[in-house]
Amino acid sequence: MKKIKLIIPLILLLTLTACMPQNTEIKYRLVISGIGLDFDKEKGQYELTVQVLETSKSSSEQGKSETPVANYTVKGKTVAQAIRSLGENTGKYPLYSQNRMIILGSSLTDGQMIKALNFFVREYTSRPDVFIAAATGKASDVLTIDAGGEVPAKLIESAIEQSNENSVCVDTELYNTVNLSLEKTTCFTLPLIEVVEDRIPKQKTIKVTGTRACSKDVEPKMMSDTETMAYLFTMNKINTGSFSITSEDVSAALEIISSKTKTTLELKNGKPVFNIDVKCEVDVVEFDSETFTAFSENDVHKIEKAAEQYIKSGMNGLIERFTKKEHCDIFRFGKRLQQKYPDVYEEMSKDWKKSLSETEVNVTVSVKIGRIGEMTMKADKK
């Protein structure tokens, strides 16, 4: 019986792949490097901008080319219909295995986003780890930006990776997005990308500007890069990064060395209480003082307390906004409740927006300074 179960999926896979000749040369394939998705409200159609690598030229010609990619725009009532017209118009077979990026434009509602991703989940050559991002404007504007001879999708991918490493951007892949969208109470998040114009030189570039929170049941919500860092602290997803603190007592710039967040859940009077504890280590990279050596233990204590207040205030503000005002569970509180207290979750999830607004969340933050700079440390030892 088990052998029969294994044979059936194999037959289906062979059937699905049979529509495309297996010996198709690469020059007859559309090697996709990026996909931008917008929605034409007047015509009620998806608008796809597909960026493909140039494969029809020889290697010597490609080396001289200033544009290593070509962009195609197609439309359709569904993503599948638009993709099908792409093949019909070009006479080539789309190949998704080299795709780096799917960018979703601001004209798409969250519900349309989820429906559109359905195609990429079911397309067997699509990569499950491809990046998903949201644009502040049109996805096509982001994807077709002049990259100075580079592949735009690759540069966008690198920008997201670097911003995530600096803890000002979420790092979202296709399989994560799909899994989170299937959770009844969860709102998933996407990195937010904007096209900006540099003054010197005067040209358009892309910038990661924060985060978009998405759900079928709520309007899209945007978070700034500062709020995104607070979100990453809450979700135990901080990498490196830096932030500045300024108060009446102290002013300093700090670099995050390590961070660990632990979230626990308990019930009080039948209601969930989430306790979020953050332990963070930072280095002082700049300190507001008149001399290089003017740094005491009291200064260290002040900086640690100010940093703790900065992180805690950011987390509390974000939690307050999304639980009580936006009613959008980007923190997966509902999922945690379902895993530990399924009976309580079953009842509360019937009106999760109301339940979320009544949920108690307590945040504690502990910051320790690891280093204060080599020159200052040497001065303290004298």
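Brief remarks on what is shown
- Percentage relative contact order, region 27-223, counting C-alpha pairs under 8 Å, at least six apart: 20
- Restricting the calculation to Cα atoms, every distinct pair contributes to the Kirkwood radius of region 226-382, found to be 17.2 Å.
- For region 226-382, the share of DSSP beta bridges that are antiparallel, to the nearest 5, is 65%.
- Hz values of 3J(HN,Hα) by residue in region 159-173 - Karplus curve (6.51, -1.76, 1.60), Gly and Pro given as x: 5, 5, 4, 5, 5, 5, 5, 8, 6, 10, 8, 6, 10, 10, 10
- Under 5 Å, built H, 5+ apart or other chain: amide partners of Gln98: Ile32
- Percent RCO, i.e. relative contact order, over region 226-382, from Cα pairs under 8 Å lying at least 6 residues apart: 29
- Ranked for footprinting exposure by Cβ neighbours inside 10 Å, fewest first, Glu286, Glu281 give Glu286, Glu281.
- Peptides 151-161, 178-188, 83-93 ordered by packing proxy, namely the average of other Cβ atoms within 10 Å per residue, highest first: 151-161, 178-188, 83-93.
- Region 258-275 - phi-based ³J(HN,Hα) in whole Hz, Karplus 6.51/-1.76/1.60, Gly and Pro as x: 7, 8, 9, 10, 10, 10, 10, 10, 9, 9, 10, 6, x, 10, x, 10, 9, 10
- About the Cα centre, charge dipole magnitude for region 226-382 (Lys/Arg +1, Asp/Glu -1 at Cβ), debye: 660
- In sequence order, region 132-148 has phi-based couplings of 10, 9, 10, 9, 6, x, 7, 5, 5, 5, 5, 6, 9, 5, 6, 9, x Hz under the Karplus curve 6.51 cos²θ - 1.76 cosθ + 1.60, θ = phi - 60°, and Gly or Pro positions carry x.
- Each Lys and Arg contributes +1 and each Asp and Glu -1, all at the Cβ; summed about the Cα centre of region 165-254, the dipole is approximately 320 debye.
- With neighbour counts taken as other beta-carbon atoms within 10 Å, the residues Ile35, Ile369 rank, fewest first, as Ile369, Ile35.
- Residue separation of Glu54 and Asp249 scaled by 0.36 nm, minus their Cα-Cα distance, works out to 64.3 nm of gained length.
- In region 226-382, a dipole from Cβ-located charges (positive for Lys and Arg, negative for Asp and Glu) runs towards its positive end, and of Val344, Phe322, Thr226 it is Val344 whose Cα lies farthest in that direction.
- When you work out D = kT/(6 pi eta Rh) for region 28-177 at 25 °C and 0.890 mPa s, using the Kirkwood radius from C-alpha pairs as Rh and the Stokes-Einstein form, the result is 156 µm²/s.
- If both residues of a DSSP beta bridge must be in region 27-223, then about 70% of such bridges are antiparallel.
Just so you know, all these numbers are worked out from the coordinates, no wet-lab data involved. In this text, all values refer to a predicted model and were calculated from it rather than measured experimentally. Glycine gets a Cβ as well: all are built from the backbone with ideal geometry, and neighbour counts include every protein chain shown.
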